[in-house]
Amino acid sequence: MKLATLKQGGRDGTLVVVSRDLTLCQPVPGIARTLQAALDEWAAIAPQLAEVYAALNNGAARHAERFDPALCHSPLPRAYQWADGSAYVNHVELVRKARGADMPPEFWTDPLMYQGGSDSFVGPRDPIHALDEAWGIDFEAEVAVVTGDVRMGATPADCRREIRLVMLVNDVSLRNLIPAELAKGFGFFQSKPASAFSPVAVTPDELGDAWDGSKVHLPLVVHLNGELFGRPNAGVDMTFDFPQLIAHVAKTRELEAGSIIGSGTVSNVDRSTGSGCLAEKRCLETIASGKPATPFMRFGDRVRIEMCDAAGSSIFGAIEQTVERYPS
């Protein structure tokens, strides 16, 4: 099943069911007005949404309309929780190596995680707004899952059963603000502006054999200004899978339905697949020649993040964003 949120009907938008080929959609106000409402009563509402989905795919939907990703907000325009991990530890190791820092051994056994702002996400075709190019504007191509209710102390096996939806993320980072923030010893804040998620969130069964219950085994394709930047495989070199990441968050707290857990930048040890962010490429350049050559994003630069199935069809729709100066 594929679900999206249109930018209409208030701050939390209007939930629509989207056809498998991403051409049609149907609002479902009689079932659930918003995606959060559907997640709150998932056991009762998901079967009703599935009936609409089947009708859309079979050409039997009564109120179908053309699906336009440009009219979409992120599937959850705001969420009760957005926690982002760093599941691809080889990426962390590379970043630390580039600045001459040792890799603590516990990084391979205990996930890194930060809690991002979730009161306001941006749509998949909305601009990346910034006030200053000197902030070091970077994209981060990631995969995320949306959970149901998760109890405190839940095991990875428990958490696996609570994965409701999968989607893509552009977790924008302001790289030149990060060092000073981390030096304070209190984590990210100003360096992590609003994230954007793919037009569509999908139930795990839509991924077929590419979903093993814990990871998505497909390339995440990134283009920068129309040129291929990277296509790392999200199922390769993922040290901590999604059930492990969710369990890490749930160690000391409950997760409410609609919580979003991110993978961190998708990264492969095989560097021929390219990178999921500019910082990683700059680190590789620093290790190779002593300094980075690739600049961070500037006003007017465009990034596209997408994942396709084995037949080449887009699964989630594409995140397509342009960097723009925040309007005064």
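The values are calculated or read from the model by the stated rules, or taken from the named source; none is laboratory data. Source: prediction; values computed, not measured. Surface accessibility is based on the protein's heavy atoms, side chains included, excluding ligands, DNA and RNA. Shrake-Rupley method; radii C 1.70, N 1.55, O 1.52, S 1.80 Å.
Remark: the chain carries 44 Å² of accessible area per residue (probe radius 1.4 Å; ligands, DNA and RNA excluded).
Rolling a 1.4 Å probe over the protein heavy atoms leaves His217 with an accessible area of roughly 70 Å².
Evaluating 6.51 cos²θ - 1.76 cosθ + 1.60 at θ = phi - 60° for every residue in segment 113-127, the Karplus couplings come out as 8, 10, 9, x, x, 10, 6, 7, 8, 10, x, x, 10, 7, x Hz, glycine and proline recorded as x. Amide H contacts under 5 Å for His129: Glu324, restricted to partners 5 or more places along the chain or on a different chain, H placed in the peptide plane at 1.01 Å from N. The heavy atoms of Phe242 offer some 0 square angstrom of accessible surface to a 1.4 angstrom probe. In the chain, helices alone account for a calculated mean residue ellipticity at 222 nm of -5500 deg cm²/dmol, with every DSSP H run of four or more residues adding -39,500 (n - 2.57). Judged by the gyration tensor of its Cα atoms, with axes a ≥ b ≥ c, segment 103-161 is oblate; a/c meets the 1.5 cut and b/c is at least as large as a/b. Using a ≥ b ≥ c from the Cα gyration tensor of segment 77-210 (square roots of the eigenvalues), is it rounded, prolate or oblate, where a/c under 1.5 gives rounded and otherwise the larger of a/b and b/c decides, a/b for prolate? Verdict is oblate for segment 77-210.
Could you work out what % of the accessible surface of the chain is carbon and sulfur, using a 1.4 angstrom probe and leaving DNA, RNA and ligands out of the count? That share works out to 51 percent.
Short-range pairs are left out: with C-alpha atoms under 8 Å and at least six residues apart, the relative contact order of segment 170-328 is 22 percent. Sequence-distant contacts, meaning Cα pairs under 8 Å at least 6 residues apart, place the relative contact order of the chain at 23 percent.
Helix 278-289 and the longest principal axis of the Cα set of the chain meet at an angle near 30°.
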